[in-house]
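No value in this document is a laboratory result; all are computed from the given coordinates. For clarity, every value in this text was computed on a predicted model and none was experimentally measured. Positions of Cβ are generated from backbone atoms using ideal geometry, with glycine treated the same way; all protein chains shown enter the neighbour counts.
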Ligand code: ADP
Ligand code: GLC
């Protein structure tokens, strides 16, 4: 064990690091719609390396059942009281890469969609919340810290502390990590009273009320012992109304309990030297394989076979958060005036999906819009592209830019949240940097930055320097895990 942890333990009069249960709606590689899953899948492995027994509890979504049913062990079942409903909850156990994952089974709530959307999603995750709290005392494991993630699990601390007095709850500590404050779980008072039996006294501005509604995220922010988000910059940004989506009041009130811990990526899964999803391999010193990946990507996606044209890529949820308005605003100007190729892999808002499908018609051979979700294709896109565009309106952390850098694709980002904390913009005077960035959420600023990136593309020594720095950056989870370990310890 690290000396720092030994000292901290001594201060607390303890001899063991705390056991931790992470609760989340998705967990890679079992289920995934975005970066939350990556983090929940990777963090426990890095915590284990520090000597922390960290386990995960997550819904047994149908996608998991389809792939892992024969590896799962049934532990026990019970019935969850959800308002007037009594719902079956099975607890299954799966050990993957040495990490124990508890899966909450219910065919109705965890069927074909990880997120139901709309009001029903509040019931879906109310069920999960109740199932986790009811299962806790009966698991073959006694956590001291319950680490909740985003609004889907934010009610666990509130209900745990208000409805489950005594017993193991006395000693439990709750951490809430905000991965995205734009999603809060907002419902009517009657709805949460019915589903979760929340008492009237908690439906006030002091507790979970915001703008006349019950807000799951706010409940979590009030009742968690500590709060963190996924980058230092986003931790500062969410103190301001522009980013906090109405929660700046409670966040400022709890300012001393809020911190920012940057995410990492799984360096084993995302390794261009060994990635089984790539047709050729490469590393910082030997990049021939990257050229082969670019050729393979061009061929597969119907792009012209040209090794020396700058290939820009996006792998993303297609939402406003990710800056699609900016892309839509300048795409035609870019495609008609620059010699470039553009590859999009994404899914999301239909207006953005349609816009990109139509653009593909206009620029066939130079632009490809693959509308959908494909883990496998995403690796080839990271490896085969020269530049990776991420012009987010806000970005709590962002994993895609880190993955892109590891695969030698230079990020072009807006300076916000985790993008600001992970990308060092190119300085044309010193040659330093590992990507490109622009300050304002402005389409023409982005356009200008893309033009600068294209100019750099034709300067061999500049590109060499930038790609080398990008591939050198260490975004492993080890440092983040250390910070989480410190945070867990200081909560005890
Ligand atoms: P967010 O969680 O906000 O979507 P992140 O950058 O943190 O953004 O994480 C996104 C993760 O999801 C990355 O691992 C990225 O490769 C993956 N991803 C996003 N969209 C797709 C897609 N259409 N197909 C495959 N992977 C995707
Ligand atoms: C959210 C954020 C993203 C972050 C991810 C993992 O989806 O949008 O920025 O990287 O969570 O923390």
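Side notes on the structure shown:
- Restricting the calculation to Cα atoms, the chain yields a radius of gyration followed by a Dmax of 23.1, 68 Å.
- With a cut-off of 13 Å on the backbone N, no residue of region 468-492 is near the modelled label site 7 Å out from residue 15 along Cα-Cβ.
- Over region 301-350, Cα pairs under 8 Å with separation of 6+ residues give a relative contact order of 57 percent.
- Rounded to 5, percent antiparallel among DSSP beta bridges of the chain: 30 percent
- Pairs of Cα atoms farther than 24 Å apart, region 288-472, %: 29 percent
- Its relative contact order, with pairs defined as Cα atoms under 8 Å and 6+ residues apart, puts the chain at 12 percent.
- More than 19 angstrom apart: percent of Cα pairs within region 278-333: 48 percent
- Crossing angle, helix 3-12 versus the chain [Cα axis fit, 0-90 degrees, rounded to tens]: 30 degrees
- Tilt relative to the chain, helix 324-337 - C-alpha long axis, 0 to 90 degrees, to 10: 10 degrees
- Crossing angle, helix 350-362 versus the chain [Cα axis fit, 0-90 degrees, rounded to tens]: 20 degrees
- Calculated FRET efficiency for the pair residue 108/residue 161, C-beta based, R₀ 25 Å, to 0.05: 0.35
- Available extension along the chain between residue 300 and residue 462 is 55.4 nm, counting 0.36 nm per residue and deducting the alpha carbon span.
- Computed extension length for residue 374-residue 138: 81.2 nm, one decimal, from 0.36 nm per residue of separation with the Cα-Cα distance subtracted.
- Debye equation applied to the C-alpha atoms of region 306-388, log10 I(q)/I(0) at 0.11, 0.19 Å⁻¹: -0.26, -0.81
- Normalised contact order of region 288-472, rounded percent, pairs of Cα under 8 Å and 6 or more residues apart: 21 percent
- Per residue, the chain reaches -11500 deg cm²/dmol at 222 nm when only DSSP H runs of four or more residues are counted, each adding -39500 (n - 2.57).
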